1. Being in a strand (DSSP E or B) and buried (at least 16 other Cβ atoms within 10 Å of the Cβ) is the filter; apply it to the stretch 1-31 and report the residue that is modelled with the lowest pLDDT.
2. Checking residue 78 against (1) part of a helix (DSSP H, G or I); (2) surrounded by 14 or more Cβ atoms within 10 Å (Cβ to Cβ), which test does it fail?
3. Those residues that are free of Cβ contacts under 8 Å to residues at least 60 places away in the same chain, outside any helix (DSSP H, G or I) and surrounded by 14 or more Cβ atoms within 10 Å (Cβ to Cβ), I need them from the stretch 32-50; list them, please.
4. When you look at residue 111, is it at pLDDT 90 or above, of a type outside the set (S, T, N, Q) and surrounded by 15 or more Cβ atoms within 10 Å (Cβ to Cβ), yes or no?
Amino acid sequence: MKLKSTTASNGEIVILEPRGSLVGGDETDELRSEVNRLIESGNKKLVVDLSKVTYMNSTAIGTLVAAHTSYANRQGKLILCDVGKSISNIFVVTKLSMIFQVEKDQSEAVLALT
């Protein structure tokens, strides 16, 4: 997987765009490593755009939960956006839809963080 990373709002907001299936392999490790790097660099505002993610297993969901917790513990905020129907259903069934803030697209997620 190639993880795309962009910044918005004068570099305060980072947008991560994972692609493909997140099934606990190298692609999930790459996402986890990038989130940890951002936290260590002091980033407090993260958008994870899931528009190009086709499938997530429990390991990948755990990575997102850990990222959310890490940001919350540091008075930061993580927002998901552009979550497809099948992944959205996973969040509803697991009740994680009550934990994560989900926005329609990147622009709405960035607006929610400004």
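The values are calculated or read from the model by the stated rules, or taken from the named source; none is laboratory data. No experiment lies behind these values; they were computed from the predicted model shown. FYI the Cβ positions are ideal-geometry reconstructions off the backbone, even for glycines, and counts take in every protein chain you see.
1. Ranking the candidates gives 8 first.
2. The number of the failed condition is (1).
3. 43, 44, 46, 48, 50
4. No; evaluated as a whole, the condition is false for this residue.
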